[in-house]
Amino acid sequence: MSLLVVGLSHRSAPVGLLERAALTGQVPTRLLHDTAASPAVGEAALVNTCNRIELYADVDKFHAGVAELSLLLAHHSGVDLEELTSHLYVHYEDRAVHHLFSVACGLDSMVVGEGQILGQLRDALARAQEEHTAGRGLNELFQQALRVGKRAHSETGIDKAGQSLVTFGLEQVAAGAGEIAGKRALVVGAGSMSSLAAATLVRAGVADLLIANRTAERAERLAANLGARTVDFGKVRETLADVDLVISCTGAAGVVISAEDVAAAVAVRTAANPLAFLDLAMPRDVDHAVHDLAGALLVDLESLSQAHAATPGAGDVDAVVGIVADEVEAFGAAQRAARIAPTVVALRQMASEVVLSELGRLNTRLPDLDERTRAEVSQTVKRVVDKLLHAPTVRVKQLAAEPGGAGYADALRELFDLDPAAVQAVSRTPIGAQAKADTTHAGGSPR
C-alpha cells in the first residue's frame with residue numbers, strides 16, 4: 001500500500017477557512033465515494049472533525065494522487081483550489097503513518113492528549129467500511145492507529161497534558177463567567193460532542209440542564225440518561241433568557257444562534273454576570289458578533305486555539321512521541337515483510353511443481369520401483385528442495401522488513417524467473433490461505 005494523506009486542520013489553516021471548508025450533511029459520504037472512484041485511488045477513508053479534514057488513500061502515483069485528492073477536497077468543500085492548496089499538508093507512506101498515529105495519540109489535537117479523537121478515528125473507519133471504500137490496507141492501518149492511541153493513553157500520562165475540548169472550553173468559560181456549578185445550562189445538539197458536553201456539565205454540578213435538538217427523540221434519550229429536561233429546538237431563542245450557559249455543537253450549515261437573539265437575552269445582564277456561550281461547532285453555531293455584545297461571553301474554537309497555545313507543554317508528550325516512532329517503525333517493517341510474502345509463496349509453489357514434475361518423470365522411467373523405495377526417494381527430494389529454500393526465504397523476509405527492503409522481492413523474482421501473474425494470484429488469495437501456504441514445505445509437509 002502506498003499511503004497518501006492530504007488534509008487541513010487547525011494547525012495549517014485559520015478557523016475562518018476551516019469554517020468555510022467544513023463538510024456537513026451528505027457531503028462527507030459523497031467525497032468518500034468520489035475519492036474511492038478515482039482512477040488514482042485504490043482505497044479511501046475520511047477523517048472529518050470540527051477542526052480537521054483529512055483524506056487517506058492508497059494511491060498508485062504520488063503526484064497524481066496529491067493533485068486528485070486536493071481537487072476533490074476543493075470541490076466538495078466549496079473552497080477555491082488555489083486558496084485551499086496553500087493550507088493543505090501532504091504526507092506519504094511512512095510519514096503518513098506517523099501522522100495518523102500522532103493524531104490517534106492526541107499529539108496533533110487542539111488540546112494535546114485529548115482522547116476523543118480515538119472515537120472520531122473509529123467512526124472514520126466504520127464509515128469507510130460501511131461505504132466499502134476501505135480495503136485490507138486501510139483497515140489494518142486504522143486498527144493499528146487505534147491500538148497505538150490506546151497504548152499511549154495507558155502507558156503514559158498524556159491525558160494530563162490536556163483535557164477534552166469540552167473540559168478545556170468550560171475552564172475558559174469559568175474563568176470569564178464564574179464557576180459552572182449551580183448554573184442553569186442549555187446544550188444545543190445531541191451528537192457525540194454535545195452528549196460529552198452534557199455529561200460534563202452534570203458532573204460539574206449544574207443546577208438545571210436543558211437539551212435542544214432538531215430531532216426531538218435524540219434529545220429525549222440524552223435527557224433521560226442524564227436526568228435533564230428537553231426544550232423544543234424552535235424555542236432556543238426564547239430559552240436563552242432563562243439560562244446562564246449555552247453549549248452548542250449541532251453540525252448545522254449556518255448560524256443557529258444569532259447576535260440579535262443574544263442581544264435580547266442579555267439586555268439585563270452585566271459583565272460580572274454574563275450569559276456564557278461555548279461554541280464547539282464547525283462551522284460555528286453562534287454568531288461571531290456575540291463577542292462584541294455587553295453582557296455576553298463567547299468562547300469558540302478560535303479563542304480556544306489561542307488559549308491553548310499559551311499553556312505549558314506536558315512532560316509525557318516526549319514519551320508518546322517515542323511510542324509513535326517505535327510503532328511507525330514496527331508497522332513499516334511488518335508492511336514491508338508482507339509485501340514479499342506473495343513472492344516467497346509463489347517461489348515455494350514453483351518448487352513444489354518442479355518436485356512433482358521430476359517425481360512424475362522418475363515414475364515413468366523406473367516403473368518397477370517398489371513403493372517403499374519410491375516413497376523414500378520422494379521424501380528425500382522434497383527435503384532437499386525444502387532445505388535449499390528455507391534459509392534464503394527466511395532471510396529475505398528479515399531483509400525485506402528493513403528500510404529499502406522492497407527491492408528484495410524484485411531480486412527474488414528475477415533470480416528464480418517467477419511468473420508475475422503467479423505472484424499476483426498469491427497476492428489476491430485470502431490472508432489465512434496465504435499464511436497456510438507460506439508455512440508449508442515445497443513437497444507439502446509442514447515445516
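The values are calculated or read from the model by the stated rules, or taken from the named source; none is laboratory data. No experiment lies behind these values; they were computed from the predicted model shown. Glycine also receives a Cβ, built like all others from the backbone with ideal geometry; neighbour counts cover every protein chain displayed.
Would you mind telling me which numbered condition in (1) hydroxyl-bearing (Ser, Thr, Tyr); (2) in contact (Cβ under 8 Å) with a residue 40 or more places away in the chain; (3) in contact with an Asp or Glu (Cβ under 6 Å, 6 or more places away or on another chain) Thr239 fails?
(3)
Looking at segment 76-92 only, could you name the residues that are surrounded by fewer than 18 Cβ atoms within 10 Å (Cβ to Cβ), in contact (Cβ under 8 Å) with a residue 24 or more places away in the chain and not hydroxyl-bearing (Ser, Thr, Tyr)?
Gly78, Glu83, His87, Val90
Restricting attention to helices (runs of 4 or more DSSP H) lying wholly within segment 129-223, give those where 3 or more residues are hydroxyl-bearing (Ser, Thr, Tyr) and under 28 Å from the mean Cα position of the chain (by Cα).
In segment 129-223, 192-204 are the helices (runs of 4 or more DSSP H) which contain 3 or more residues that are hydroxyl-bearing (Ser, Thr, Tyr) and under 28 Å from the mean Cα position of the chain (by Cα).
Specify the residue that is farthest from Met193 (Cα to Cα); the eligible residues are those in segment 97-122 that are within 11 Å of the chain's Cα centre (by Cα) and aliphatic (A, V, I, L, M).
Within segment 97-122, the match that is farthest from Met193 (Cα to Cα) is Val97.
State whether one or more residues within segment 323-342 are surrounded by 15 or more Cβ atoms within 10 Å (Cβ to Cβ), among the small types (Gly, Ala, Ser) and without any contact (Cβ under 8 Å) to a residue 40 or more places away in the chain.
The answer is yes; a qualifying residue exists.
When you scan segment 54-75, how many residues do you find that are within 26 Å of Gln335 (Cα to Cα) and crowded, with 21+ Cβ neighbours inside 10 Å? If you could, list the steps in order and put the result at the bottom.
So the first thing to find is which residues in segment 54-75 are within 26 Å of Gln335 (Cα to Cα), and the list is 54-69.
Imposing the further condition that a residue be crowded, with 21+ Cβ neighbours inside 10 Å reduces the set to 54-59, 65, 68-69.
Residues meeting the conditions: 9.
Show the residue pairs that are 6+ apart or on different chains and have beta-carbon atoms under 9 Å apart, the first residue being within segment 100-111 and within 17 Å of Leu46 (Cα to Cα) and among the β-branched types (Val, Ile, Thr), the second being at pLDDT below 95 and assigned to a loop (DSSP other than H, G, I, E, B).
Qualifying pairs under 9 Å: Val103/Ser109.
So, restricting to strands (runs of 3 or more DSSP E) that lie completely within segment 10-117, which ones have at least 2 residues that are in contact with a Pro (Cβ under 8 Å, 6 or more places away or on another chain)?
Numbers: elements: 41-49, 52-59, 89-92.
Those strands (runs of 3 or more DSSP E) span 41-49.
Listed here are the residues, each with its yes/no results for (1) modelled with pLDDT of 75 or more; (2) surrounded by 12 or more Cβ atoms within 10 Å (Cβ to Cβ); (3) over 39 Å from the mean Cα position of the chain (by Cα); (4) assigned by TED's automatic domain parsing to the domain that holds Asp94.
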{"position": "Val345", "(1), (2), (3), (4)": "yes, yes, no, no"}
{"position": "Arg365", "(1), (2), (3), (4)": "yes, no, yes, no"}
{"position": "Lys382", "(1), (2), (3), (4)": "yes, yes, yes, no"}
{"position": "Val385", "(1), (2), (3), (4)": "yes, yes, yes, no"}
{"position": "Glu402", "(1), (2), (3), (4)": "no, yes, no, no"}
{"position": "Ala409", "(1), (2), (3), (4)": "no, yes, no, no"}
{"position": "Asp417", "(1), (2), (3), (4)": "yes, no, yes, no"}
{"position": "Ala425", "(1), (2), (3), (4)": "no, yes, no, no"}
{"position": "Arg428", "(1), (2), (3), (4)": "no, no, no, no"}
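Select, from Thr156, Thr167, the only residue that is under 24 Å from Gly189 (Cβ atoms) and either among the polar types (S, T, N, Q) or crowded, with 20+ Cβ neighbours inside 10 Å (or both). Explain how you work it out, then say what you get.
Numbers: Thr156 fails: under 24 Å from Gly189 (Cβ atoms).
Matching residue, one of Thr156, Thr167: Thr167.
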